[in-house]
């Protein structure tokens, strides 16, 4: 492999291997690769795109970037014969990687000019660091409500609402990096997980190493619409319930106990409203009073546990956005509850197959 240095092509082992799973991501892969090509002060790196059985096989000529930018990337494409999920695709990419450090990116993000440089600096300054996770920015290019709500929800969760005493964070594959030998020694991503593979990987890492949260390691991500995100919440809750069955405890990786209460009270509000509507057809004033009292209590408990997020939203977007965010959060919590309940009650055989029990 050859890298450009002072206008001369010389053989050099890459410091980073950037691994990107790709599945029908024609509209986003170009901007991502272009952003990587424009990295500043980055060490030598290669880019590996693992095509996870896309309908149209990805080729170099399909990538809408200049030949000059493409040359900077030292791009390799590995193609899977069928869609097997991002865990398998990332493992395939790492298998052919030449760098000592792996940088994982999702195919729908864009790096900032200093992203790779900042990761390199963490590893260079402290050889005892084994894994780093970054964060996605809160800005969105659209004025639509939901993408902005989701960006602020995630930003607040990781920046404003984390307990200071916790030392590790989610190894989020939107932007994360790890020593290649550590990744291989831990066995890579669990191929049985099509969602939450990053959480399962996090648990494996933290059995031996700390994951450093680096807020200056950033990517930009344009969030999808409501139904796409709601489906992801449902699926992630489905797989989270499987992981929780093994661990039987909350943690700052996937869901804290505070977040769990927010989920339960949010779903409880919807359930109690439905029950109250049904009670209107039942001649029992006492039942309606009990339901209203329970609804009020559930609402105020929920409000208490999401207060930091609502305060942050108010400072960013104003009061109307706060009301919209409160309602949208409750709706999404219902999807999370549905996914977790379906996983644990309706699919015990699937749990045993995935968990290996």
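Give the residues of segment 91-105 that are touching a helix residue (DSSP H, G or I) at 6+ places or on another chain (Cβ under 8 Å) and either in a helix (DSSP H, G or I) or crowded, with 17+ Cβ neighbours inside 10 Å (or both), sorted by residue number. Passing the criteria: 94, 97, 99, 101, 102, 103, 104, 105.
Residue-by-condition table, conditions (1) modelled with pLDDT under 95; (2) surrounded by fewer than 21 Cβ atoms within 10 Å (Cβ to Cβ); (3) within 21 Å of residue 237 (Cβ to Cβ):
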{"position": "131", "(1), (2), (3)": "no, no, no"}
{"position": "137", "(1), (2), (3)": "yes, yes, no"}
{"position": "149", "(1), (2), (3)": "no, no, yes"}
{"position": "165", "(1), (2), (3)": "yes, yes, no"}
{"position": "183", "(1), (2), (3)": "no, no, no"}
{"position": "191", "(1), (2), (3)": "yes, yes, yes"}
{"position": "198", "(1), (2), (3)": "yes, no, yes"}
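Check segment 52-61 and report whether any residue there is under 20 Å from the mean Cα position of the chain (by Cα) and in the same structural domain as residue 18 (by TED's automatic domain parsing). Yes, because at least one residue in segment 52-61 is under 20 Å from the mean Cα position of the chain (by Cα) and in the same structural domain as residue 18 (by TED's automatic domain parsing).
Among the residues of segment 283-290, not a single one is surrounded by 14 or more Cβ atoms within 10 Å (Cβ to Cβ) and under 21 Å from residue 329 (Cβ atoms).
Residues that are assigned to a loop (DSSP other than H, G, I, E, B), in contact with a helix residue (DSSP H, G or I) (Cβ under 7 Å, 6 or more places away or on another chain) and touching a residue at least 60 places away in the same chain (Cβ under 8 Å) within segment 39-80 comprise 39, 40, 41, 42, 43, listed in sequence order. Looking at segment 202-321, the helices (runs of 4 or more DSSP H) lying wholly inside it that each contain 3 or more residues that are touching a residue at least 12 places away in the same chain (Cβ under 8 Å), out of contact with any strand residue (DSSP E or B) (no Cβ under 8 Å at 6 or more places or on another chain) and under 26 Å from residue 192 (Cα atoms) sit at 226-247. Screening residue 38 with (1) more than 18 Å from residue 183 (Cβ to Cβ); (2) at pLDDT 95 or above; (3) crowded, with 16+ Cβ neighbours inside 10 Å gives one miss only, at (3). Out of 297, 310, one residue alone is modelled with pLDDT of 95 or more and closer than 18 Å to residue 332 by Cα. It is 310.
The values are calculated or read from the model by the stated rules, or taken from the named source; none is laboratory data. Because the structure is a prediction, the values reported are computed rather than measured. Positions of Cβ are backbone-derived with ideal geometry, glycine not excepted, and every protein chain shown enters the neighbour counts.
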